[in-house]
Amino acid sequence: MKDAQDILEKSAIHKCWWMRYVLLGFGSVCTILGFIGFFVPVMPSTIFFIIALWAFSKSSVRLHMWLYTHERFGRGLREWHQHRVIPVKAKWSALCAMTVSVAIVALFVAESWMLPTMITVILAPIALYILTRRSHTPSV
């Protein structure tokens, strides 16, 4: 895997020893949250793995490579890292979760229209960003 070799050669481990431990802990927490999100339908997992991958890239080459080449999660992380691809299934899942969240707040939580409107204003650019990413890896 040529991309994995490039990562090893260009590893940018943080020079400050205590910051490496902070990033290592942060990456570990994000990895745990990612695994939880894999089993809990309303919690995203991909974003936590992407954040963990970044944190490990600054703190641990071994953990970075483990996550990057992981049998289950590595492919999606590599596609995001190399091509900024978000699969169609992930796009629909994210958009449905956002829509359901706004609906729940509007129907059961909010006493006025302001809170659902503010949440919609915050989520709309995120949804637009998700929708404008590629859905498939480009052909070479």
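The values are calculated or read from the model by the stated rules, or taken from the named source; none is laboratory data. Note that this is a predicted model, so its numbers are computed, not measured. Here the Cβ is made from the backbone with ideal geometry for all residues, glycine too, and neighbour counts use every protein chain on show.
Filtering 76, 37 for residues that are in contact (Cβ under 8 Å) with a residue 12 or more places away in the chain and either closer than 24 Å to residue 99 by Cβ or among the acidic types (Asp, Glu) (or both) leaves a single hit, 76. Of all residues in region 44-85, which are in a loop (DSSP other than H, G, I, E, B) and surrounded by 14 or more Cβ atoms within 10 Å (Cβ to Cβ)? Scanning region 44-85 gives 44, 45, 60, 69, 70, 73. Tell me whether region 87-100 contains one or more residues that are in a helix (DSSP H, G or I), of a type in the set (A, V, I, L, M, F, W, C), under 26 Å from residue 22 (Cα atoms) and at pLDDT below 90. No, region 87-100 contains no residue that is in a helix (DSSP H, G or I), of a type in the set (A, V, I, L, M, F, W, C), under 26 Å from residue 22 (Cα atoms) and at pLDDT below 90. Put simply, of 78, 72 the only residue that is more than 13 Å from the chain's Cα centre (by Cα) and in the same structural domain as residue 16 (by TED's automatic domain parsing) is 72.
Within region 101-138, restricting attention to residues that are out of contact with any helix residue (DSSP H, G or I) (no Cβ under 8 Å at 6 or more places or on another chain) and β-branched (Val, Ile, Thr), the residue that is modelled with the lowest pLDDT is 104. All conditions but one from (1) outside any helix (DSSP H, G or I); (2) touching a strand residue (DSSP E or B) at 6+ places or on another chain (Cβ under 7 Å) apply to residue 138; the one that does not is (2). If you take the residues of region 14-34 that are surrounded by 15 or more Cβ atoms within 10 Å (Cβ to Cβ) and within 13 Å of the chain's Cα centre (by Cα), which of them is nearest to residue 89 (Cα to Cα)? Residue satisfying both the conditions and the ranking: 34. Close Cβ contacts (under 8 Å, 6 or more residues apart or on different chains) running from residues in region 93-120 that are touching a residue at least 24 places away in the same chain (Cβ under 8 Å) to residues that are in a helix (DSSP H, G or I) and not small (Gly, Ala, Ser) comprise 94/130; 95/130; 95/131; 98/123; 98/126.
Among the criteria (1) over 19 Å from residue 133 (Cα atoms); (2) at pLDDT 90 or above, the one residue 49 does not fulfil is (1).
Here residue 139 does not qualify as under 20 Å from residue 48 (Cα atoms) and among the polar types (S, T, N, Q).
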